[in-house]
1. Convert 4 °C to kelvin, take the viscosity as 1.567 mPa s, use the Kirkwood radius over C-alpha pairs of region 50-101 as Rh, and evaluate the Stokes-Einstein diffusion coefficient in µm²/s, rounded to a whole number.
2. Quick one: if the Förster radius is 22 Å, what FRET efficiency do residue 42 and residue 90 give, using the C-beta to C-beta distance and rounding to 0.05?
3. For residue 38, which sequence-distant residues (separation of 5 or more, or a different chain) have an amide H within less than 5 Å of its own amide H, given hydrogens modelled in the peptide plane?
4. Could you check the spin-label model distance between residue 23 and residue 102? Points 7 Å from the Cα along Cα→Cβ, value in nm.
Amino acid sequence: MRYTVDHIDSQTHLNSKYSPDLKGELIVLCRSGIDVLFVDMSEVIYCDSSGLSAMLMAHREMTAAGGYAIYYSLSPEVNSLIELARLDRVLYIYPTKEEALADLAGNDSEEEME
């Protein structure tokens, strides 16, 4: 299993290269009381239906808890798959972590992210 988890305030930053147990780890993180789960996808070059399912599950868990699951730095291949599955209309996806943070800072007084 290859991933790192960093906790900063009420945010968790996850960087995963590959992990068959990622879904379980995401559930634990999403239910830990954090406000934002950042998932760095920069080293993910392949994603199958199980990976998409894990991403969607994290989104639902965080939304139910009043938080956000944010995915950033997707490869063109992974981004194409997400678009094909139309999950780009559901998931919070950003080109960079900085853009996600800026959007979060701009939405502190709003209820939903754009």
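1. The calculation lands on 115 µm²/s.
2. 0.55
3. Under 5 Å from the amide H of residue 38 lie the amide H atoms of 12, 13, 14, 70, each far enough along the sequence or on another chain.
4. Between residue 23 and residue 102, the label points sit 3.6 nm apart.
A short reminder: the numbers here are calculations on the coordinates, not readings from a lab. All figures in this text were calculated on a predicted structure; none of them were measured in a lab. All Cβ positions, even for glycine, are placed from backbone atoms using ideal geometry, and neighbour counts span all protein chains on display.
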